[in-house]
Amino acid sequence: MKRVPIALTLLLMVALVVGCARPTPTPTPPPPKPTVAPTVAAPAMEASTPTPVVRKAVIGFTASQTGKLNVESTRQINGLTLWMEQVNAAGGLKLADGSVVLFEAKFYDDESNKDRVQELYTRLINEDKADFLISPYSSGLADAAAVIAEQYGKIMITTGAASDSTYKKGYTLVYQTYTPASRYLTGAFDLLGALDAAVKKVAIIHETDKFSTDVCNAAKAYGEGKGYEIVLFEGYDSGTADFAPFINKIPAGTEAIMGGGHFADGSTFARQLYEKGVSVKFIALLVAPPEPKFAELGDAALGIIGPSQWEPQAKYSPEAAQAAGLEWYGPTVEEFVSAYKAKFNEDPSYHSAGGYAAGLILQKAIEAAGSLETDKVKAALDAMAIMTFFGAIKFDTSAEAHGLQIAHQMVYIQWQKDAAGNLVKQVVWPAEAQSAQPLYPLSR
Amino acid sequence: MLAQILASLVDGILLGFVYGLAAMGLSLIWGVMRVINLSHGAIMALGMFGIYLTFTHLGLNPYLALLLLAPASLLFGFLVYGVAVHRIINAPYLSSLLATFAVNMMVIGIGTAVFTTSLYNVDFSLGTVRAGVLALPGTRLAAAAAAVLITAGLYLFLYRTRPGKAIRAVANNRAAAALMGIPPAQTLALSFGIGTLLAALAGGLITTFFPFTILSGSGYQSKSFVICVLGGLGNPLGALLGGLILGAMEGLIPIVLPVSWVPVVEFTLFVLILLIRPSGLLGART
Amino acid sequence: MKPWRQPGFWIPLLLILVGGGVALVVRKDTLREMTFTLLMYVALASSLNILMGYTGYVNFGHIVFFGLGGYTGFYFISRHGWHLVPAALVGGLTSALLAALLGLAVLRLRGAYFALATIGINEAARAFVNNFRPFGGPTGLFVNFAIYREYGGAPQALWLTYTLLLITTLVAVAVSYTVKNSRFGLGLLAIREDEDAAMVMGVRTPRAKTIAYVISAFFPGIIGTLFFFKNGNVEPGDAFRLHMSIEVLVMIMLGGNGTILGPVLGAAAYERLRGYLLTSPLFKSLHLAFAGLALLLIVLFIPAGLVGWLRRRFPVLRRWLE
C-alpha cells in the first residue's frame, strides 16, 4: 500500500527533472558553404612557410526566420552569409603569425521574440562556444542580446540596430555598425534648411518604440537648436492603424512633417496623410521610404523623403577614403552589389549591406589583432578607423557611450517620378551624394 | 480649433459605426448565452483575410465580397459553437472563457502559419469627399453606411422574424423558452453564428481603410469590450450607440490630451462603469 | 496537523527543490536559464491559484502585478541604486498594496464581470505605464552594467537572481498549501462553491477575497523584479502581456485548478510542451494552434486537470496529491 505512493512520488520527481531539462533547440544547419578545402587554401605565395595552422572562429547570431521582423532580418543574414562565404572561399583570413582563420556560423531562429533571443544567445555562448557574436535585427532584440554578450564577456557587433540607448548602459564589448538613432533625422533638418530657409514650423509624429523615440527626441532637440518651431510632438503605439487623430491634430500653418517608425506604420501614415490631403511642403519618415515596397503606395509615396543607412548609389570608394585620410577595407560598392545580386537575385537593401559590413568589421579587427582573443580584438575595434563600401567606421571609446558608431553617415532618399512616370528612388542628401535634385515643395 | 473639433468628431463617429458593429456580435452572444467570446478578435481577423483573399485573388469588389463572407462566417460560427461551446454552455464561466480562448489560439496559430504576421492591405479606394474642413475617405463613409444597414437588418431579424424572436426569448429566460417549445440548442447556435457573422463583417469593412495583420483583431476585441459596457452588456442594438460614443471619445480626447492617453481613459472608464453599473450605461434590454 | 508530516505539503516542495537545485549543483548557464523560465511560471501559476483556484474568481490581470511590481522594484534598482533583495521585496509589497486597493473595488463584481474588469485593468495599466515618465514611458528603464559589480560581476548576479527565484517559488508553494489548509482557506473554498451560502455561514467574503487577492499579488511583484533585473531592462510591452496571464491560466487548468501540485506540474508540462513544439520543425509554425487544441480538449473533457483527475480516479492518491 505504502509502496505505490512512494513510487509515484519518484515518478513525479523524475517527470519534473525531465521537465526542467527541456529539449535543446536543434541548431539550424549553418548556411550552405562553398566547398572549401582548408589545406588547399594556403596560397602558393606562402609555400615557403609550413602548412598554416587552421583555426576556426565560430560566429553566433540569431535570425528572425519567423515573426514580424522576418523580411529585414533575412536580408541582413543574406549579407552576413555572403561575407562569410567570400572570406572562406578566399582561403580564410590570414593572420600575421601565419595561421589561417576559417569562419563558421551558428544560428537559431529567434521568432522576432525578445525572450527567445536571450535564451538563444546564452546557448550560443555556452553550448556552441561562439567566439564572436553578431546581433539580431532591430534595436529591441539587439539590446536584449547585448546584455547577454556583456554578461558572458563576448564581443558583439550590432547591425540593424540603431538605438543609442544600448551603448549608454556601461557595456564595453558591444560595437555598432549603423549610424545611431540620434543622427537619423538630423540630416532631414539640414536638407530642409538648404531647400527653404523660410520654413520654421515642423510637426513630429513618431512610433513609441525604443528606436523611433530615440530618433525623434534627438531630432527635436537638433531642430530646436537650429531655430525650428516644433508645433506638434506626439507618439503612437506600434501597430497603430488609424492616424486620423494625429492628422487632425496637426496645427494649421505646419510646413513640414517628420517622424514615423517602421515599415507598416510608416507606410500607413504616408497613405493617410495623402488621403486626408494634408498640404505641407516636406515630409520625411523613418525606415519605410527606403523599402522598395513603399512604391506600392503610388502617388502617396511621391516626394516622401527617408533616411537610409546605405544605398547602392552611395559614393564610397578607395579615392574617397584617401581624401578623408582613412584606410579602405573590403570590396567596392560595385563588387558588393554584383556579388549580392548574383547570389540572391535581388538588389541589396541597406539591411543586407549592414549584415555584410558587420562581418567585415569583425574580419578587420581580427586581422589587426592577429588573434582571436577577446581582449586583443577589442583593442583593435577600439582603435579602428576605416572606410568600407558601407561608409566610414569608427567607434566611441568613452566610458559613457562605448561602442557607439561615430563616423558612419546617413543618406536621404526621395521617391520621384522618372520620365516614364514610374516611381524611382533618388539620393537627395548629402549634397555630394545627390543622384537627383530634391522635389520641393510637395504639390498636394 | 472648432475646425479641429469638427474634423475629429466626424472621423471618430464614422469609425464608431464600425466599432459598434463589431461589438454587437460580442454583445449578442453575451446577452443570449452568457459567454464572453474571447475568439471575437480572431474571427474579425478571419473576416479581414476573407475580404483580402477575395479582393486580391478574385478581384471581387469588397462590398460584394461581404455578401459571400456573411454565410461563410455564419457557418463558421455554427462550427465553433458545436465544437467548443455547446458542451460547456452550462459549466462555470471559466470553461467558456477558456474554450473560446482556445479557439482564438487555434485560429491565430493557423493564421500565423499561413499568412505570417506581416501587414496586409486591401488596395481599394473610393476617393475622398471634401467639405470645408472635412476630408472624408469614401471607404469610411461606405463602411459607416454598411454598418447602419446591417444593424437595421439585425433589428428587423430580432423583432420581426420567428427565429429572431426565439433568440430574444432564450436570452430572456432559457429554461422558460425551452418549456415554450423553443429548441435551445438550435437557437444558441444561431445566436453564436450571428455574433460571428457580425464580427467577420466588421473585420471585412475595416480592411477597406486600414491595413491589418492576423493579430489585428485583439485590439478591436478590447475596444469591443469597452463598447459593450458603454452600450449595455447583452444589448446588441445599444452596442451601436456604444460604438458611436467610443468613436467620439477617440476623436475628442486627443484635443486635450496626448493621443497616447486615449487607452488609459478608455479602460479606466470601462472598469469604472463595470463597478458602478455592471449592466452597462444603457442597461440590459434585449 | 503538522504540515511537514503531510505528503501533500512536501511532495511539491521537494519536486521544486530537486528540479531547481540541479542547476545550482551542475552550475551550467544554459540549464539555469531554462529552469529560470520554468520556475517563474511555477511561481506565477501557484500564486494565481491562490485566488483563482480557491475562490473561483478568474483573473486575467495577474500579470499586472508582475508588471507593476517589477517596474517598481526595477525603478529602485536603476534610479536609486538599491540592492536586488530590498528592491524585490518593495516590488512585491507594492503589488500587494495595489491588490488591496483594487480588490476592495473590483472584487465586488462577480463571475464574468470580474474577469472582464481584470482585462480592462491590464490594458489600462499598460497604457498608463506607457505614458508615465518616471518609469521611462514607452522606452522603459534599464540598469547600467556597472551595477553588476556590486554583486561580484554579472555571473554572480545571475546566480543570485536564480537562487532568489528558487526561494520565492518554494515560499509561494508553501504559502499556497498553508492557505488551503487553514480555516481562512476553507472560507475561500466555500466562496468558490456558493458565495451567498458562504456569506450566510459567516464567511466575511469581501475581506477574505481581498486577502486572497493580496497574497496572490505579492509573489508576481517579486518575480517581476527578479526577471527584469536578469534581463537588464524593462519595457511596457514586456511587462503587461495579456497573453502571459492567459498562459498561466492554461497551466493551472492543465495541472488542476485549486490543487497545490497542479500548478507546479501544469507549468512544467506546458513549458516542456511549448519548448518541444517550438523546436520541432514540423510543429514550429503551428505551436499556438496545438496549444489551443490541447487547451480545448482539457476544458471540454478533463476540466479538473491532471491532478484533479488523478484524485478522482484513484481515491487512494488523495492523501499524497494535494
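The values are calculated or read from the model by the stated rules, or taken from the named source; none is laboratory data. From a predicted model like this one, the values you see are computed outputs, not experimental measurements. Please note: Cβ atoms are built from the backbone with ideal geometry, for glycine as well, and neighbour counts cover all protein chains shown.
Here are a few things to note about the model shown:
- Of all residues in segment A:182-196 being part of a helix (DSSP H, G or I) and over 26 Å from the mean Cα position of the chain (by Cα), the one that is surrounded by the most Cβ atoms within 10 Å (Cβ to Cβ): A:195
- Condition check for residue A:421: within 30 Å of residue A:294 (Cβ to Cβ) and not in a strand (DSSP E or B): yes
- Test: residue in segment C:274-292 that is modelled with pLDDT of 85 or more, touching a Leu at 6+ places or on another chain (Cβ under 7 Å) and surrounded by 21 or more Cβ atoms within 10 Å (Cβ to Cβ): no
- Answer residue from segment A:148-174, given it is aliphatic (A, V, I, L, M) and touching a Leu at 6+ places or on another chain (Cβ under 7 Å) and is surrounded by the fewest Cβ atoms within 10 Å (Cβ to Cβ) among those: A:155
- Residues within segment B:109-135 that are in a helix (DSSP H, G or I), touching a residue at least 60 places away in the same chain (Cβ under 8 Å) and of a type outside the set (A, V, I, L, M, F, W, C), tallied: 2
- Which numbered condition residue A:130 misses (of (1) surrounded by 24 or more Cβ atoms within 10 Å (Cβ to Cβ); (2) within 14 Å of chain C (Cβ to nearest Cβ); (3) under 30 Å from residue B:113 (Cα atoms)): (3)
- Subset of segment C:172-190 [free of Cβ contacts under 8 Å to residues at least 60 places away in the same chain and surrounded by fewer than 17 Cβ atoms within 10 Å (Cβ to Cβ)]: C:182, C:183, C:186
- Residue, nearest to the other protein chains (Cβ to nearest Cβ), within segment A:107-127, restricted to residues that are in contact (Cβ under 8 Å) with a residue 60 or more places away in the chain and not in a helix (DSSP H, G or I): A:127
- Within segment A:359-377, the presence of a residue that is under 17 Å from the mean Cα position of the chain (by Cα) and among the polar types (S, T, N, Q) is excluded.
- Filter result for the condition that a residue is touching a His at 6+ places or on another chain (Cβ under 6 Å) and either assigned to a helix (DSSP H, G or I) or touching a residue at least 24 places away in the same chain (Cβ under 8 Å) (or both), over C:265, C:288, C:278: C:278
- The condition (being touching a Pro at 6+ places or on another chain (Cβ under 8 Å), at pLDDT 95 or above and surrounded by fewer than 18 Cβ atoms within 10 Å (Cβ to Cβ)) is satisfied by just one residue among A:339, A:379: A:339.
- Qualifying residue in segment B:19-35 (condition: surrounded by fewer than 17 Cβ atoms within 10 Å (Cβ to Cβ), within 13 Å of another protein chain (Cβ to nearest Cβ) and more than 30 Å from residue C:55 (Cα to Cα)): no
- Taken as a whole, segment B:206-217 holds at least one residue that is of a type outside the set (S, T, N, Q) and within 12 Å of chain C (Cβ to nearest Cβ).
- Subset tally (residues that are closer than 18 Å to residue C:175 by Cβ, at the interface with chain A (Cβ under 10 Å from one of its Cβ atoms) and of a type in the set (A, V, I, L, M)) for segment C:18-62: 2
- Answer residue from segment A:221-262, given it is part of a helix (DSSP H, G or I), more than 13 Å from chain B (Cβ to nearest Cβ) and out of contact with any Leu (no Cβ under 9 Å at 6 or more places or on another chain) and is farthest from residue B:12 (Cα to Cα) among those: A:225
- Sole exception among (1) touching a residue at least 12 places away in the same chain (Cβ under 8 Å); (2) over 16 Å from residue C:293 (Cα atoms); (3) in contact with a Ser or Thr (Cβ under 9 Å, 6 or more places away or on another chain); (4) of a type outside the set (D, E, K, R) for residue B:60, by number: (1)
Here's the yes/no breakdown for (1) surrounded by fewer than 22 Cβ atoms within 10 Å (Cβ to Cβ); (2) more than 7 Å from every other protein chain (Cβ to nearest Cβ); (3) at pLDDT below 95:
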{"residue": "B:100", "(1), (2), (3)": "no, yes, yes"}
{"residue": "B:105", "(1), (2), (3)": "no, no, yes"}
{"residue": "B:114", "(1), (2), (3)": "yes, yes, yes"}
{"residue": "B:119", "(1), (2), (3)": "yes, no, yes"}
{"residue": "B:124", "(1), (2), (3)": "yes, yes, yes"}
{"residue": "B:131", "(1), (2), (3)": "yes, yes, yes"}
{"residue": "B:134", "(1), (2), (3)": "yes, yes, yes"}
{"residue": "B:140", "(1), (2), (3)": "no, yes, yes"}
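- In segment C:1-94, counting only helices (runs of 4 or more DSSP H) that sit wholly within it, the ones holding 2 or more residues that are among the polar types (S, T, N, Q) and over 18 Å from residue C:322 (Cβ atoms) span C:29-55, C:62-80.
- Condition check for residue A:111: at positive phi, acidic (Asp, Glu) and under 24 Å from the mean Cα position of the chain (by Cα): yes
- Those residues of segment A:402-432 which are under 14 Å from residue A:179 (Cβ atoms) and in contact with a Lys or Arg (Cβ under 6 Å, 6 or more places away or on another chain), in sequence order: A:406, A:407
- Any helices (runs of 4 or more DSSP H) falling wholly within segment C:174-252 and containing at least 3 residues that are aromatic (Phe, Trp, Tyr): C:205-231
- Identity of the residue in segment B:82-108, touching a residue at least 60 places away in the same chain (Cβ under 8 Å) and in contact with a Ser or Thr (Cβ under 6 Å, 6 or more places away or on another chain), that ends up nearest to residue C:294 (Cα to Cα): B:103
- Hits in segment A:272-293 (condition: in a helix (DSSP H, G or I) and at pLDDT 90 or above): A:272, A:273, A:274
- For segment B:226-254, a residue qualifies if it is within 14 Å of chain A (Cβ to nearest Cβ) and touching a Pro at 6+ places or on another chain (Cβ under 9 Å), and the qualifying residues are B:250, B:251, B:253, B:254.
- Residue B:74, sole failed condition from (1) outside any helix (DSSP H, G or I); (2) away from every other protein chain (no Cβ under 13 Å): (1)
- Among residues of segment C:144-162 that are facing chain A (nearest Cβ under 8 Å), those with a Cβ under 6 angstrom from a residue that is assigned to a helix (DSSP H, G or I) and hydrophobic (A, V, I, L, M, F, W, C), sequence gap 6+ or separate chain, pair up as C:148/C:154; C:148/C:157.
- Only a single criterion out of (1) of a type outside the set (Ser, Thr, Tyr); (2) farther than 18 Å from residue C:220 by Cβ; (3) within 14 Å of chain A (Cβ to nearest Cβ) is not satisfied by residue C:82, namely (3).
- Any chance residue A:355 is closer than 30 Å to residue A:172 by Cβ, assigned to a helix (DSSP H, G or I) and in contact with a helix residue (DSSP H, G or I) (Cβ under 9 Å, 6 or more places away or on another chain): yes
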